[in-house]
1. Over 5 Å intervals from 0, what percent of Cα-Cα pairs in the stretch A:19-61 sits in each interval?
2. To one decimal place, what orientation-averaged projected area in nm² is obtained for the convex hull of the Cα set of the stretch B:35-112?
3. If the convex hull of the alpha-carbon atoms of chain A is projected onto planes in all directions, what is the mean projected area in square nanometres?
4. Here is the link list: A:LYS56/A:LYS93; A:LYS37/B:LYS18; A:LYS71/B:LYS57; B:LYS18/B:LYS57; A:LYS68/A:LYS110. Which ones come out longer than 29 Å on Cα distance?
5. Quote the relative contact order of chain A in percent (integer), defining contacts as alpha-carbon pairs under 8 Å separated by 6+ residues.
6. Provide Rg over Rh for the protein assembly as shown; use the alpha carbon set for both Rg and the Kirkwood Rh (inverse mean inverse pair distance).
7. What is the ratio of the Cα radius of gyration of the stretch A:64-111 to 2.2 N^0.38 Å, where N is its residue count, to two decimals?
8. Averaged across B:12-21, how many Cβ atoms of other chains sit within 10 Å of each residue's Cβ atom?
Amino acid sequence: GESVGLHLPTLSVQEGDNSIINCAYSNSASDYFIWYKQESGKGPQFIIDIRSNMDKRQGQRVTVLLNKTVKHLSLQIAATQPGDSAVYFCAEKVNNNDMRFGAGTRLTVKP
Amino acid sequence: EAQVTQNPRYLITVTGKKLTVTCSQNMNHEYMSWYRQDPGLGLRQIYYSMNVEVTDKGDVPEGYKVSRKEKRNFPLILESPSPNQTSLYFCASSTWDDYGYTFGSGTRLTVV
């Protein structure tokens with residue numbers, strides 16, 4: 001079946017560096033994607049979204065890139081801070097009612 | 001404050017003892033959903049509801065029931081819990097045309 005997956009389960013970066021978290025999806029018909037951040041002991045929190053008619057979208061310190069040719073999604077975090085340490089999920093819209101989530105990447109920021 | 005509230009946060013129970021996890025949202029959202037989160041598997045949808053009295057199965061509905069009698073509440077019912085339902089559960093809600101879900105803080109369930 002269709003799936004959303006992540007290339008790396010863990011990522012460790014130095015404070016101040018940029019972070020890149022990757023996600024591969026297999027449903028070529030998906031037209032909407034979201035990145036969520038989940039801090040320890042909390043529920044996932046919406047970060048940024050992107051529609052398939054876009055290649056790039058920027059937020060505050062975050063950028064999402066979408067490459068539909070290779071079905072790849074990435075989240076870039078600029079000047080990573082200790083507060084960015086969390087598990088990051090990508091999710092794709094699979095029908096009108098449902099988002100399917102990847103397994104998550106744990107980002108650790110070293111001081 | 002706009003939020004999704006789940007209760008309890010932690011629950012340890014025995015096999016076969018019926019339990020209910022409550023979920024309530026104060027944002028007048030039409031859409032509500034339950035997910036379970038297991039290591040390495042991410043979030044998997046159990047049930048969802050598009051509006052009052054409208055519910056449907058997600059990817060892993062076996063062993064669970066839900067109801068949506070009121071717009072704000074969407075309880076998750078385990079009629080006869082088993083150890084394989086030990087997991088972290090999240091309730092989420094959104095407007096009908098918005099996929100940026102608001103999640104609750106989670107319920108960690110252990111079935112022994």
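Each reported figure results from applying straightforward, stated rules to the coordinates on display, with no laboratory input. Remember, predicted model here, so these are calculated numbers, not experimental data. Note that we place each Cβ from the backbone using ideal geometry, even for glycine, and neighbour counts take in every protein chain shown.
1. 5, 16, 26, 25, 17, 7, 2
2. On the way: hull surface 21.5 nm².
Averaged projected area of the stretch B:35-112's Cα convex hull equals 5.4 nm².
3. Values: hull surface 27.1 nm².
Mean projected area for chain A: 6.8 nm², to one decimal.
4. Numbers: A:LYS56/A:LYS93 17 Å; A:LYS37/B:LYS18 32 Å; A:LYS71/B:LYS57 27 Å; B:LYS18/B:LYS57 20 Å; A:LYS68/A:LYS110 33 Å.
Over 29 Å apart, Cα to Cα: A:LYS37/B:LYS18; A:LYS68/A:LYS110.
5. Details: 272 pairs, mean separation 41.0, N = 111.
Once divided by the residue count of chain A, the mean separation gives 37 percent.
6. On the way: Rg = 17.5 Å, Rh = 18.0 Å.
Looking at the protein assembly as shown, the ratio lands at 0.97.
7. Values: Rg = 13.2 Å, N = 48, 2.2 N^0.38 = 9.6 Å.
Output field value: 1.38.
8. Numbers: counts 0, 0, 0, 0, 0, 0, 0, 0, 0, 0.
Shielding by partners across B:12-21 averages 0.
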